[in-house]
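The values are calculated or read from the model by the stated rules, or taken from the named source; none is laboratory data. All values reported here derive from a predicted model rather than from experimental measurement. Because the Cβ atoms are built from the backbone with ideal geometry, glycine has one as well, and the counts that use them run over all protein chains shown. To get the accessible areas, we keep the full protein, side chains included, count just its heavy atoms, and leave off ligands, DNA and RNA. Shrake-Rupley method; radii C 1.70, N 1.55, O 1.52, S 1.80 Å.
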Amino acid sequence: MNIKILCNEKLCIVGANGSGKSTFIKLLARLYYPTEGEILLNGINIYEYDYKEYQRLFSPVFQDFCGYFMSLKDNIVLNKEYNQKKLDQICNKCGLTSLLNKLVKGYDTQIGKWIDDEGIQPSGGEFQKIAIARAIYNDAPMFLLDEPTAALDPLIEYEIYKQFSEMITNKTAILITHRLSAVHLADKVAVFENGELVEYGTHKQLYAKGDKYAEMFNKQAQFYRDDNDHITN
């Protein structure tokens, strides 16, 4: 595998389960160590950088993201400087406003009813939105998103991705997704298979090529068309 990701580029990675997508971004984040080859940042091996400084380059949302038993505000802000306007804007873009409007204590609401009877236990989808809001608030130069919206309705997911894309125009982002509607928001698409990069280019280029990517895209498009026809009938 040989791939170059440019500054401020949006890359979408697609492929079947077990094709190496999550492993790829965990290698980039130095959570895994490569057994051969090397990963370079500006031409320098990433292991030559200070670990903590290197970690600060990333705002990740992995499949196994965390929800913390703190207030809703602290779940998003963590140790960053608190900015109410910034927090409001991000929560609105991430679809958390409807949840906030239900909470008497607003951002100060405790996550975890076992800690506070007046607290909340967010659903899986709500926790995903909180995790995305946390990553955006962190405002690191590079976003790593490993299917961060898998528990959300496809229409809500697309709207969040669209808003997210508008908010990180000057950032680098790597997005792993099984729902190919999101590829339209990316500059480039990488197709993984059995740990290898088998196709790489823009959505338009890969679709015109008519190979593996086009097959995946058409299968999903057909599924949604069939589903809509069934609902209409």
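Surface listing: Ile44, Ile132 arranged by accessible area from highest to lowest gives Ile44, Ile132, probe 1.4 Å.
The distance between label points at Thr23 and Thr169 comes to 3.8 nm (points 7 Å beyond Cα on the Cα→Cβ vector). For the stretch 1-97, a Kirkwood radius taken over Cα pairs fed into Stokes-Einstein (10 °C, viscosity 1.306 mPa s) yields D = 97 µm²/s.
Take the chain with all the other protein chains still there, run a 1.4 Å probe, and you get 57 Å² of accessible area per residue.
Rolling a 1.4 Å probe over the protein chains gives Asp187 an accessible area of about 80 Å².
Tell me the mean residue ellipticity at 222 nm calculated for the chain from its helices only (DSSP H runs of n ≥ 4, each -39500 (n - 2.57), averaged over every residue, nearest 500). Mind dumping the intermediate values first?
Values: 9 runs with 92 residues, N = 233.
-11500 deg cm²/dmol, from helical runs alone.
Between the entries (i) 1.09; (ii) 1.19; (iii) 0.99, the label attached to Cα Rg over 2.2 N^0.38 Å calculated for this structure is (i). Taking all C-alpha pairs of the stretch 16-64, those more than 12 Å from each other amount to 67 percent. Of the two radii for the stretch 37-87, the radius of gyration is 1.11 times the Kirkwood radius, both from the alpha carbons; that is the Rg over Rh value.
Would you mind checking the pairs Lys52/Lys171; Lys21/Lys162; Lys10/Lys73; Lys52/Lys85 and listing those with alpha carbons more than 25 angstrom apart? Write out the running numbers ahead of the final one.
On the way: Lys52/Lys171 20 Å; Lys21/Lys162 22 Å; Lys10/Lys73 28 Å; Lys52/Lys85 28 Å.
With Cα atoms farther than 25 Å apart: Lys10/Lys73; Lys52/Lys85.
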